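FYI, it's all coordinate maths here, none of it is from the lab. Since the structure is predicted, the reported quantities are computational estimates derived from the model, not experimental observations. Glycine gets a Cβ as well: all are built from the backbone with ideal geometry, and neighbour counts include every protein chain shown.
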Amino acid sequence: MSNDLSPENEQYIASAVARGAFQSRADALNLGVGLLKRRHQLLDEIDEGIRQLRAGDLQEFDQDTLQGLFDRIQSEGLARYEFVSREPRLF
């Protein structure tokens, strides 16, 4: 594996591993790559949202319809939480 990290980043990872934030250098790098992937995904979702807005694909809300949306999201979240909390733990 090539080591293309700057000395500052290499030192940061070594320090994080030494203080126990990560079990290994590989764990730190894998988390970093995972965060970069998530950032890229979020930027893609933002771009899609901007595209939809420019195309006029939007829904306007007033106070009542917005409250209804919040209530639905909360209800769905609670239902998911209840489902997950009933699942047997494997660890």
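Only one item in (i) 213; (ii) 87; (iii) 179 matches volume of the Cα convex hull per residue in Å³ derived from the coordinates shown, and that item is (i).
Extension gain for ARG38 to VAL84 (0.36 nm times residue separation, less C-alpha to C-alpha distance): 14.3 nm. By the helix-only formula, in which each DSSP H run with n ≥ 4 contributes -39500 (n - 2.57) and the sum is divided by residues, the chain has a 222 nm mean residue ellipticity of -25500 deg cm²/dmol. Taking 0.36 nm per residue of sequence separation and removing the Cα-Cα distance, the GLU8/SER24 pair yields an extension gain of 4.0 nm.
For LEU31 and LEU66, a Förster radius of 30 Å and the Cβ-Cβ distance give a FRET efficiency of 0.25, rounded to the nearest 0.05.
Mean Kyte-Doolittle hydropathy of 1.0 or higher plus an axial Cα length of 27 Å or more: which whole DSSP H helices in the chain meet both? If you can, show how the numbers build up before the last one.
Values: long enough: 25-54 (44 Å, -0.51); 63-86 (35 Å, -0.62).
The answer is none, since no helix passes both cut-offs.
Test of understanding: extend the Cα→C-beta vector of ILE73 to 7 Å, then name every residue of the range 16-43 with backbone N under 20 Å from that spot. Taking a point 7 Å out along Cα→Cβ of ILE73, the residues of the range 16-43 whose backbone N falls under 20 Å are 39, 41-43. Farthest towards the positive end of the charge dipole of the chain, among the residues ASN30, LEU66, GLY77, is the Cα of ASN30, using unit charges on the Cβ of Lys, Arg, Asp and Glu.
Restricting the range 4-91 to GluC sites (Glu not before Pro) that sit in a DSSP loop and have at most 13 other Cβ atoms within 10 Å of their own Cβ leaves GLU60.
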